[in-house]
Structures are given as structure tokens and as C-alpha cells.
Amino acid sequence: MHLPEALPKAELHLHIEGTLEPELAFALAARNGVELPYAGTEELREAYLFSDLQSFLDLYYELMAVLRTADDFTELADAYLERAARQGVRHAEIFFDPQAHTARGVPIGTVVEGLARALERAEERHGVSTRLIMCFLRDRSAESAMETLRAAEPYLRHIAGVGLDSAEVGNPPSRFAEVYEAAGALGLRKVAHAGEEGPPAYIREALDVLGVERIDHGLRAMEDPELVERLVRDRVPLTLCPLSNVRLRAVDVLEDHPLPAMMAAGLLVTVNSDDPAYFGGYVGDTFHAVHEALGIGPERLRELARNSFLASFLDDDEDRRARYLAEVEAYEFD
């Protein structure tokens with residue numbers, strides 16, 4: 001049976017720390033001598049009811065305490081890649097948050113080398129090609145972001161690009177202009193979260209001040225018709241995360257999500273899982289959910305999958321991109 005969730009696709013908006021399932025969190029806590037303030041996995045899952053982005057981030061950072069060694073990061077990434085491959089993912093561009101780890105005393109090299117170990121064998125083990133994107137926490141200082149970029153320089157062979165995430169409101173992209181300029185000079189690709197809870201103006205700043213190639217989320221672009229026209233004209237990809245938007249109350253219910261309107265407007269949108277352990281589903285589950293709740297039919301689903309590969313950083317491997325796109329066209333829905 002060929003289901004929407006098995007359609008070949010790329011995932012472009014995925015925080016590896018957000019794939020930490022409760023079972024793995026408790027296993028790593030036991031291994032590393034970390035005490036979690038929850039009686040067990042069921043009580044922890046009950047904590048996954050969020051009122052907004054900040055309430056999610058509080059738990060997200062709390063659970064990171066279990067990640068201590070390179071092996072922990074390898075195990076985390078392997079678990080994600082195995083799940084993703086089962087849901088049709090052929091290519092994954094994976095975010096990680098080094099500042100959240102270095103602030104706890106975990107060296108950036110431990111994080112990068114642990115993740116890289118899993119990513120370097122991902123194609124052989126899971127049939128998934130990968131890129132790694134280092135995100136700066138926008139609710140910390142620009143100076144901290146620059147220090148993080150400099151600390152990452154010995155590991156840039158593993159890192160394809162930089163991003164900007166964490167609490168958006170009150171933290172405009174323009175604060176990070178200098179570090180993005182420095183990242184570009186190092187040859188790193190540039191993306192940024194914008195327009196999830198923040199205003200459309202943040203999307204403009206990410207484009208005009210940071211020089212990003214993709215907008216992560218971009219949900220609120222629809223409030224600004226001129227911005228929509230620009231995004232359509234310039235083919236700027238938006239990496240939407242519908243289940244995340246519902247869980248974080250950016251959208252009340254999935255049936256209200258603007259995805260169909262965004263596609264109808266001609267925007268180059270993709271569908272992703274964001275932090276799937278916390279938001280109720282991985283990317284294949286998200287494809288299934290938008291199919292059911294929003295009436296996104298087979299050809300529109302195929303368009304979303306096609307967009308995911310077109311928006312990916314596979315510019316250095318156009319043959320691979322062409323193979324993936326051919327898989328999308330050949331996929332037969334029941």
C-alpha cells in the first residue's frame with residue numbers, strides 16, 4: 001500500500017534535540033547519572049502540552065541535560081534517521097543547538113563529532129543523505145553567537161550552514177547581522193527561523209539583513225501581500241511545520257492551517273516535523289495529517305515532496321537531486 005506518509009521526501013526543518021523521545025531521555029539519564037523530575041515516560045509525555053513557544057522551550061532545554069557524550073548524540077541522531085527513513089525521508093538537513101550544550105559544559109566538538117558519526121554512515125545504514133546546520137539561539141547575545149561560530153571552525157567540514165532559532169518575539173534577525181556575514185565568508189549556507197510568532201517584518205530582515213536562502217516557518221508571511229509576492233517571485237523556500245504550529249498555538253487547529261492558501265498563492269513551501277518527539281509526529285505523520293485535515297490530495301502532496309528536494313542544499317550533487325525527484329514522480333498513490 002502506497003500511503004502519503006511514505007512518499008519520498010526531504011526534511012529541511014528538524015531540530016535533532018527535538019527528536020529526543022521520552023524512552024531515550026530516561027535511558028540516557030540513567031546512563032549519565034542525570035535525575036529527571038518525572039516519575040516515568042507517561043508523566044513526561046503529559047508535560048508535552050504547551051501554551052506557546054516559550055513553554056515548549058523550557059521543557060526542551062530541561063531534557064537536554066541527559067545529552068552528555070558523543071555517543072549520546074550519535075544515538076540520538078541514529079534513532080531519528082531510522083524513523084525518518086521508514087517515513088520516506090531520502091535527505092535530511094538537520095539543525096543542532098551548540099549553545100544549549102556548551103552552556104552545560106559539553107564541548108562543541110563532542111556535539112559535532114557525535115552527530116557527524118551518525119550522519120556519515122546514514123546513507124549506508126538508512127539510505128538517507130544528510131547535511132548538518134548549526135543554529136544560533138536568538139535569545140542569547142550576538143557576541144555568544146560569534147563565539148560559537150569561532151569555536152565551530154575546526155569542525156566546519158561537518159557543517160553545511162547556519163540557522164537562527166529559539167524564542168522569536170523581541171529577538172529580531174538583524175541583531176545577528178555580523179555573525180551571518182562571518183558565516184557567509186566561511187562558505188556556510190544561511191537559513192533562519194522567522195515569521196512563526198514574530199511579525200512578517202522579521203522575514204524581511206532575515207532576507208535583507210542576514211541574506212538567508214530559506215525561511216524556516218514563515219507562517220505569518222500571508223499577512224503581508226507584498227512579501228508574499230516577493231517570496232513567490234524569488235522562489236524563496238518556506239519550511240513549514242504544521243503539527244508544531246498547532247501544538248504551539250500559532251494555529252488553533254490543523255484544519256485552520258494556511259498551507260493550502262500558501263500553495264495556491266504559488267509559494268515554494270515544504271512540510272516538516274520541527275521537533276517531532278514533542279509535537280506529535282515525524283514528517284511522514286505530518287504528510288498524513290495535512291492530507292486528512294486539509295484535503296491535500298496526491299498531486300499537491302507530490303508538489304510538497306518535489307519542493308523539499310528543490311529547496312534542499314543539494315546544489316553540490318545535482319545528480320542525487322535528480323534521482324530523488326524521479327522517485328517522487330514515480331511514486332504511485334493508492
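Miscellaneous remarks
- Candidates LEU53, LEU59 - the one that is surrounded by fewer than 24 Cβ atoms within 10 Å (Cβ to Cβ), closer than 26 Å to ALA30 by Cβ, at pLDDT below 95 and within 18 Å of the chain's Cα centre (by Cα): LEU59
- Some residue of the stretch 79-101 being within 22 Å of GLU35 (Cβ to Cβ) and without any contact (Cβ under 8 Å) to a residue 40 or more places away in the chain: yes
- For the stretch 304-326, the candidate set comprises residues that are among the aliphatic types (A, V, I, L, M) and assigned to a helix (DSSP H, G or I); within that set, the residue that is surrounded by the most Cβ atoms within 10 Å (Cβ to Cβ) is ALA305.
- Count of residues meeting criterion [part of a helix (DSSP H, G or I) and either more than 17 Å from VAL232 (Cβ to Cβ) or at pLDDT below 95 (or both)] in the stretch 248-303: 23
- Single residue of ASN245, ASN307 found to be in contact with a Ser or Thr (Cβ under 8 Å, 6 or more places away or on another chain) and of a type in the set (S, T, N, Q): ASN307
- Where helices (runs of 4 or more DSSP H) sit wholly within the stretch 130-247, those with at least 1 residues that are crowded, with 17+ Cβ neighbours inside 10 Å and among the small types (Gly, Ala, Ser) occupy 142-152, 177-185, 200-208, 242-247.
The values are calculated or read from the model by the stated rules, or taken from the named source; none is laboratory data. Note that the coordinates shown come from a computational prediction; the quantities given were computed from them, not determined experimentally. Counting neighbours? That spans all protein chains shown, and the Cβs are built from the backbone with ideal geometry, glycine included.
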